[in-house]
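The values are calculated or read from the model by the stated rules, or taken from the named source; none is laboratory data. Just so it is clear, the structure is predicted and the values come from calculations on it, not from any experiment. In this analysis, Cβ positions are derived from the backbone assuming ideal geometry, glycine residues included, and neighbour counts consider all displayed protein chains.
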Amino acid sequence: MKKQIQTKLLFPQILKKRSPEVHKKALAKVLVVAGSKGMTGAAVLVCKTAYRAGAGMVCLAFPESLKEIYKDLLPEALTLPCPTTKQGTLSKRALKPILEKSKEYDVVAIGPGLSQNPETQLLIRNLLPKLEKPVILDADGLNAIKEARILRQRKIPTVITPHPGEMARLLGIRVEAVQKDREHIAVGAAKKFRAIVVLKGYNTVVASKQGNVVVNKTGGPALATAGTGDVLLGIMSVLWAENLAYPFESAATAVYLHGLAGDLAAKELGERAVIASDVIKYLPVTFKISI
């Protein structure tokens, strides 16, 4: 295992400077698959963060029954209303439009607020082997995974972002076992699922199946609030879309910047008062001082 401690940017080359002639279609293009009735906010946080992290284009694939909600919440984002279940979640019939739309984007981020509706979970399991794009799987996207082969059979790189509870479920072990040996657990999961693993929590661990490990030292209690994982997903999606050949380095850099934005917000507001939207607000200065 090759381990690095990240107290500053380990991979500054991930944060590229832009040409004066750049245009939106030459920048990161991210497709977000997220949202359901009662959990609309997660998708908003991912999309807003992706734009703040520098995306040129962001499209949200969501249940069409939520169209009236999202039209006012996401003025910058493109939208892909998809077939909906009776419960207001993505239907299995959303498979075709999502696959077709993904051809236009660099990275597909799947999971926030999707719910654990059985039909929606089936959609995710059917979608993953067919998506010919890099995928970041988070939240309810991870909850849809019942066996390792679903990820192992993917030919394109995948990043998974479990918190300790999700990791414990994926591996069939106790949370205490995950927390006792986070680095080896993350590497083991990376090998099992053939994916980059971002094991969230205090001192977030980023691991590859080759045994490369980054332990991140930014971030703290201020990030222990709903929605900050969605913010991380937005940053990670953009950095990977800009650096497609470097999923590990992009993920580690996103974790660092996410934590630093949380630290800056906590310094100004106090760690108790920080909410996920505050972390987004501090992203501009985070990028400014890091590039």
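Here are the numbers for this structure:
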read-out	value
Filter result (surrounded by 24 or more Cβ atoms within 10 Å (Cβ to Cβ) and under 17 Å from ALA94 (Cβ atoms)) within segment 25-41	LEU31, VAL32, VAL33, ALA34, GLY35, SER36
Residues located in segment 1-38, provided they are over 18 Å from ASN212 (Cα atoms) and in a strand (DSSP E or B)	LYS29, VAL30, LEU31, VAL32, VAL33
Residue in segment 126-146 that is modelled with the lowest pLDDT, counting only those that are over 21 Å from SER208 (Cβ atoms) and out of contact with any Pro (no Cβ under 8 Å at 6 or more places or on another chain)	LYS146
Filter result for GLY88 (of a type in the set (Gly, Ala, Ser) and closer than 20 Å to LEU127 by Cα)	yes
Pick from segment 135-162, criterion buried (at least 19 other Cβ atoms within 10 Å of the Cβ) and of a type in the set (Gly, Ala, Ser), ranking: nearest to VAL175 (Cα to Cα)	ALA139
Residue count for segment 108-152, restricted to those that are under 21 Å from PRO164 (Cα atoms) and of a type in the set (Asp, Glu)	3
Among the candidates VAL197, VAL205, residue that is crowded, with 22+ Cβ neighbours inside 10 Å, within 24 Å of ILE275 (Cα to Cα), free of Cβ contacts under 8 Å to residues at least 40 places away in the same chain and aliphatic (A, V, I, L, M)	VAL205
Matching entry among ALA245, ALA266 (being surrounded by fewer than 23 Cβ atoms within 10 Å (Cβ to Cβ) and without any contact (Cβ under 8 Å) to a residue 24 or more places away in the chain)	ALA245
Selection count, segment 99-121, where residues are assigned to a helix (DSSP H, G or I) and either touching a His at 6+ places or on another chain (Cβ under 6 Å) or surrounded by fewer than 21 Cβ atoms within 10 Å (Cβ to Cβ) (or both)	5
All helices (runs of 4 or more DSSP H) inside segment 194-291 with 2 or more residues being under 19 Å from GLN6 (Cβ atoms) and not acidic (Asp, Glu)	228-242, 247-269, 283-290
Counted residues, segment 209-227 - those being closer than 17 Å to ILE160 by Cβ and either of a type in the set (Val, Ile, Thr) or crowded, with 24+ Cβ neighbours inside 10 Å (or both)	3
